[in-house]
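Student: Please read through the structure below; I'll follow up with questions.
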Number of protein chains: 2
Amino acid sequence: MIQKLMQKIAETKAPICVGLDPMLSYIPEHILKAAFEQYGETPEGAAEAVWQYNKAIVDAVCDLIPSVKPQIAMYEQFGIHGLIAYEKTVNYCKEKGLIVIGDIKRGDIGSTSTAYAIGHLGEVKIGSKAYRGFDTDFVTVNPYLGTDGVKPFVDVCNEYDRGIFVLVKTSNPSSGEFQDRLIDGRPLYEHVAEKVNEWGAASMDGDYSNVGAVVGATYPEMIRDLRKMMPKICFLVPGYGAQGGTAEDLKYCFDKDGLGAVVNSSRGIITAYKKEQYASFGPEHFADASRQAVIDMISDIQGVL
Amino acid sequence: MIQKLMQKIAETKAPICVGLDPMLSYIPEHILKAAFEQYGETPEGAAEAVWQYNKAIVDAVCDLIPSVKPQIAMYEQFGIHGLIAYEKTVNYCKEKGLIVIGDIKRGDIGSTSTAYAIGHLGEVKIGSKAYRGFDTDFVTVNPYLGTDGVKPFVDVCNEYDRGIFVLVKTSNPSSGEFQDRLIDGRPLYEHVAEKVNEWGAASMDGDYSNVGAVVGATYPEMIRDLRKMMPKICFLVPGYGAQGGTAEDLKYCFDKDGLGAVVNSSRGIITAYKKEQYASFGPEHFADASRQAVIDMISDIQGVL
């Protein structure tokens with residue numbers, strides 16, 4: 001699956017993913033109004049608004065990009081109806097030819113991790129049949145429980161040609177509380193990176209492994225060191241735009257062909273119409289504003305490659 | 001909420017929770033058959049089987065115990081229908097007066113962690129209305145992202161009188177890969193424990209904090225040390241029974257009143273009918289076998305208190 005992602009990045013010249021992390025406050029009034037008129041101010045109404053909002057953005061940007069990254073928490077907050085909107089979004093993005101990275105940050109042990117992996121990357125067996133739960137191509141995984149938590153995902157990746165991105169160094173201010181603490185003279189996240197290399201060796205697919213790493217963009221020096229440590233590992237890089245990372249910070253993520261990393265922007269794209277720079281589009285044309293923001297982001301990143 | 005849990009433990013004299021972690025292979029043939037006859041070998045059929053299985057067990061044990069711990073992965077593997085069975089299970093347990101600990105091991109940052117917290121412990125605002133997503137009383141939380149990931153949960157706990165259990169030391173064989181590594185001469189999990197104290201101080205509720213800790217039962221010496229380090233923190237202890245922990249291993253979890261910890265058993269209870277010890281009940285009476293296993297577990301734990 002990572003090879004497919006790299007091919008799509010090479011085709012689009014856009015090593016990015018658009019984060020589909022909808023909050024109700026992001027959604028233009030006319031969409032909310034229509035959804036609430038149909039379903040009331042209910043979880044079903046909220047889910048409909050989220051879905052219509054996502055669909056319009058995906059329609060406007062899908063020819064420009066290789067991948068999207070829906071953040072499942074933003075759907076899960078609305079309970080079952082929200083998760084139905086997540087499922088519809090995943091399936092729609094796949095119909096449009098996009099690779100879908102489910103940002104689920106799951107992680108447990110043994111049969112429990114297997115259940116998550118099956119539900120998001122594989123198939124669940126029911127009697128003599130098999131079904132997909134959420135049909136994502138990649139998911140994000142939390143490493144705190146060690147190999148027991150990650151290997152079940154890798155096994156499912158190998159069986160179904162899917163991939164994962166393991167949290168190595170996150171982009172939030174407090175990520176250092178544990179991740180930066182020194183163990184034998186090196187920060188915890190480097191020890192996690194070493195394990196990612198080990199886990200990744202069991203799932204190579206072309207130049208890269210189906211086991212990738214989440215590496216926060218707000219720490220450029222760390223990115224450079226981690227890039228050297230993990231030459232076969234694709235980076236999923238949050239923190240561009242709204243979280244403060246710039247294209248210049250990102251240059252160390254990529255290999256000489258401009259591959260090996262996918263940079264995420266969520267709010268910077270999906271709420272573009274609220275930014276002064278794109279305000280002239282107006283809320284009615286929010287999806288066109290998102291398209292322009294994607295074009296600008298690609299150009300910004302290509303500038304440092 | 002932790003005070004309510006402690007009260008229920010004192011009333012039942014049972015510092016335990018029953019892990020509702022259904023796998024299809026656990027469910028007696030007659031339940032599977034009925035569900036598949038009604039809905040086919042489909043996710044809907046699997047969800048119906050899971051729900052009927054859970055309901056029978058809950059009916060059989062609810063007067064003996066204070067709490068249950070459904071593991072959401074086991075439901076999520078079936079996609080939306082599985083999550084509907086999770087929701088039904090949570091709501092049914094609450095109707096029966098049980099405290100429900102959602103074993104979700106979520107964790108992200110800022111507004112994303114808030115979304116998880118809202119979806120599982122609080123209420124989501126939709127227009128002028130507010131709704132509960134999954135109505136659990138506690139959830140488990142992964143600490144790898146630091147305070148940014150945990151504080152949003154604590155805030156929601158304070159607003160809605162709910163609680164969390166933060167993963168400190170898990171019970172799986174590879175938990176030591178990162179959790180046991182020494183930082184300034186002390187294992188990472190002790191640094192996490194320190195932060196749990198800090199987070200917990202912001203949500204005291206009686207003798208204990210609404211912020212608890214997951215502490216694996218397979219490591220009795222660690223439990224003793226952690227109990228001393230975290231006097232105001234309730235422990236959620238997995239690993240009893242099927243994972244190899246014994247009642248003797250657990251004695252250090254508790255305070256002098258036999259409170260301050262809740263010990264989980266999943267397979268040991270819900271698949272009791274498959275064990276030689278309870279085989280005489282037969283698959284038709286699986287729930288009675290679970291009841292006897294609960295009685296035996298309570299007696300076993302009371303023996304060390």
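The numbers here are math on the coordinates, done by the rules we state, and not lab data. Note that the structure is predicted; figures quoted are calculated from it, not measured. Here Cβ is always computed from backbone atoms with ideal geometry, including for glycine, and neighbour counts include all displayed protein chains.
Student: Write out, first by first residue and then by second, each pair whose Cβ atoms fall under 8 Å of each other, whose residues are 6+ apart or on separate chains, and whose first residue, in segment A:149-175, is on the phi > 0 side of the Ramachandran plot while the second is of a type in the set (S, T, N, Q).
Tutor: Between residues of segment A:149-175 that are on the phi > 0 side of the Ramachandran plot and residues that are of a type in the set (S, T, N, Q), the close pairs are A:Asp161/A:Asn210.
Student: Still on this structure, please answer the following. Tell me, which helices (runs of 4 or more DSSP H) wholly within segment B:1-81 include 3 or more residues that are without any contact (Cβ under 8 Å) to a residue 24 or more places away in the chain and within 11 Å of chain A (Cβ to nearest Cβ)?
Tutor: In segment B:1-81, the matching helices (runs of 4 or more DSSP H) lie at B:29-39.
Student: Hey, among the residues in segment A:252-299 that are within 23 Å of A:Ile31 (Cβ to Cβ) and in a loop (DSSP other than H, G, I, E, B), which one's farthest from the chain's Cα centre (by Cα)?
Tutor: A:Gly282
Student: Here's a check for you: in segment B:103-126, which residue that is touching a Lys or Arg at 6+ places or on another chain (Cβ under 8 Å) and among the small types (Gly, Ala, Ser) is surrounded by the fewest Cβ atoms within 10 Å (Cβ to Cβ)?
Tutor: Step by step, filter segment B:103-126, then rank; the result is B:Gly122.
Student: Answer yes if at least one residue in segment B:184-206 is charged (D, E, K, R) and either away from every other protein chain (no Cβ under 14 Å) or under 16 Å from the mean Cα position of the chain (by Cα) (or both), and no otherwise.
Tutor: Yes, because at least one residue in segment B:184-206 is charged (D, E, K, R) and either away from every other protein chain (no Cβ under 14 Å) or under 16 Å from the mean Cα position of the chain (by Cα) (or both).
Student: Test A:Thr112 against the stated conditions and say whether it is closer than 19 Å to A:Met23 by Cβ and among the hydroxyl-bearing types (Ser, Thr, Tyr). Walk me through how you get there before you give the answer.
Tutor: Details: closer than 19 Å to A:Met23 by Cβ: no; among the hydroxyl-bearing types (Ser, Thr, Tyr): yes.
In short, no.
Student: May I ask you to verify whether A:Ala213 is surrounded by 24 or more Cβ atoms within 10 Å (Cβ to Cβ), more than 10 Å from every other protein chain (Cβ to nearest Cβ) and aliphatic (A, V, I, L, M)?
Tutor: Answer is yes for this residue.
Student: Which condition number in (1) more than 7 Å from every other protein chain (Cβ to nearest Cβ); (2) in contact (Cβ under 8 Å) with a residue 40 or more places away in the chain; (3) in contact with a helix residue (DSSP H, G or I) (Cβ under 7 Å, 6 or more places away or on another chain); (4) of a type outside the set (Val, Ile, Thr) is the one that B:Phe134 fails?
Tutor: (1)
Student: With A:Thr140, A:Thr136, A:Thr112 as the choices, which residue is of a type in the set (S, T, N, Q) and assigned to a strand (DSSP E or B)?
Tutor: Checking each option against the conditions leaves just A:Thr140.
Student: What are the residues in segment B:23-55 that are under 19 Å from the mean Cα position of the chain (by Cα) and either closer than 30 Å to B:Met6 by Cβ or buried (at least 21 other Cβ atoms within 10 Å of the Cβ) (or both), if any?
Tutor: Listed by number, the residues that qualify are B:Val50, B:Trp51, B:Tyr53, B:Asn54, B:Lys55.
Student: Can you tell which of A:Lys94, A:Lys88, A:Lys125, A:Lys105 is more than 7 Å from chain B (Cβ to nearest Cβ), basic (Lys, Arg) and touching a strand residue (DSSP E or B) at 6+ places or on another chain (Cβ under 7 Å)?
Tutor: So the residue among A:Lys94, A:Lys88, A:Lys125, A:Lys105 that is more than 7 Å from chain B (Cβ to nearest Cβ), basic (Lys, Arg) and touching a strand residue (DSSP E or B) at 6+ places or on another chain (Cβ under 7 Å) is A:Lys94.
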